[in-house]
Amino acid sequence: MIKQPNRVQFTSSRIEDLMYRTTFDPENMTGELIVNLSLVKEQDLEAVLEVYNLVIRSGLSVSPFLKIIKSGETIGDLKIAQGDVGIATVCSITIDGVLLKGGVMINPRFGGVVQIKNGQPVRFTDVVTYASTTIDPLEVLMSQDITSVTKMLRTGSGKILANLREAPLVARDDIDHILSDLMEAGLSGIMEVGEPNTRVLDVPVERDHLGVVVIGGTNPMAMAKEQGFEVRTSAMSALIGIDSMKHIEDLI
């Protein structure tokens, strides 16, 4: 028998699969959510966590909850190599999954870089659509060294990672309610919810839809790379239970 090669899976299909598999309940703080995985050297862990904490406290991440995976342990299909440590952080696609479970037909469009000026988001400067790549767009953009998260935190102006979703305008009340529940649960990665049928951060949306801009869950990794740390990122790596994660302040 001839072994069939693995089929190419675009990121949009992978996102849909993860959204349906998300079981996180923000009201009861139960269930599984999607995580990004970053691998760092064991000797860098403490310093990298300090960077992550700074980004999280500044509101440039999805959630303060994370999990440390030591060498020899596994997460998803990956075993952490000797000398490495894995840091699992909440992926922004979790928000899409919770919205979907709440009856909102959310459509993730792309990941991109957002220009911030004097603390205010101005526009998307670079974007990669989920339907056009097999690699997470924020991984692609982070590898291009075009972010300036460090500068953003120091001066209020810079470039950070974010995502754009579209949702039917008739679901606006449901969106507001679900996003409020998520914020109370500690998932506060919403940058902007646009008005119906209007551009959001200089990007047009479909008719009878509104745009939702979500802060990228990989901003902590981007800043750590800017600081010179070796960080290998695998976005949308796995689903893990919220009960296995800890608040970052309990880990530093």
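The values are calculated or read from the model by the stated rules, or taken from the named source; none is laboratory data. Computed from a predicted structure; not experimentally measured. Heads up, the Cβs are rebuilt from the backbone with ideal geometry, glycines too, and the neighbour counts pull from every protein chain shown. Heads up: the accessible areas ignore ligands, DNA and RNA and are worked out on the full protein's heavy atoms, side chains in. Shrake-Rupley method; radii C 1.70, N 1.55, O 1.52, S 1.80 Å.
Some points to look at:
- Condition broken by D181, with the remaining ones in (1) farther than 26 Å from S143 by Cα; (2) crowded, with 16+ Cβ neighbours inside 10 Å satisfied: (2)
- In region 184-208, of all residues being without any contact (Cβ under 8 Å) to a residue 24 or more places away in the chain and surrounded by fewer than 18 Cβ atoms within 10 Å (Cβ to Cβ), the one that is farthest from the chain's Cα centre (by Cα) corresponds to R207.
- In the set (1) in contact with a His (Cβ under 9 Å, 6 or more places away or on another chain); (2) surrounded by fewer than 17 Cβ atoms within 10 Å (Cβ to Cβ), the condition left unmet by E166 is number (2).
- Annotation: of all residues in region 32-57 being of a type in the set (D, E, K, R) and assigned to a helix (DSSP H, G or I), the one that is nearest to the chain's Cα centre (by Cα) is R57.
- Elements of type helices (runs of 4 or more DSSP H) in region 58-159, at least 1 residues being surrounded by 14 or more Cβ atoms within 10 Å (Cβ to Cβ) and among the polar types (S, T, N, Q): 93-101, 149-155
- Pair list, Cβ < 9 Å and 6+ apart or interchain, from region 149-176 residues that are among the acidic types (D, E) to residues that are assigned to a helix (DSSP H, G or I) and open to solvent by less than 50 Å² (accessible area, probe 1.4 Å): D174/L99
Per-residue answers, yes or no, for (1) in contact with a helix residue (DSSP H, G or I) (Cβ under 9 Å, 6 or more places away or on another chain); (2) over 17 Å from R109 (Cβ atoms):
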{"position": "V140", "(1), (2)": "no, no"}
{"position": "T150", "(1), (2)": "yes, yes"}
{"position": "K159", "(1), (2)": "yes, yes"}
{"position": "V170", "(1), (2)": "no, yes"}
{"position": "D173", "(1), (2)": "no, yes"}
{"position": "G189", "(1), (2)": "yes, no"}
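- Inter-residue pairs, beta-carbon under 6 Å, first closer than 19 Å to E230 by Cβ and hydroxyl-bearing (S, T, Y) and in region 58-85, second open to solvent by 40 Å² or more (accessible area, probe 1.4 Å) and assigned to a loop (DSSP other than H, G, I, E, B), 6+ apart: S71/Q82
- Of G217, G228, G211, all but one fail to be open to solvent by less than 10 Å² (accessible area, probe 1.4 Å) and either free of Cβ contacts under 8 Å to residues at least 40 places away in the same chain or farther than 22 Å from E139 by Cβ (or both); the exception is G211.
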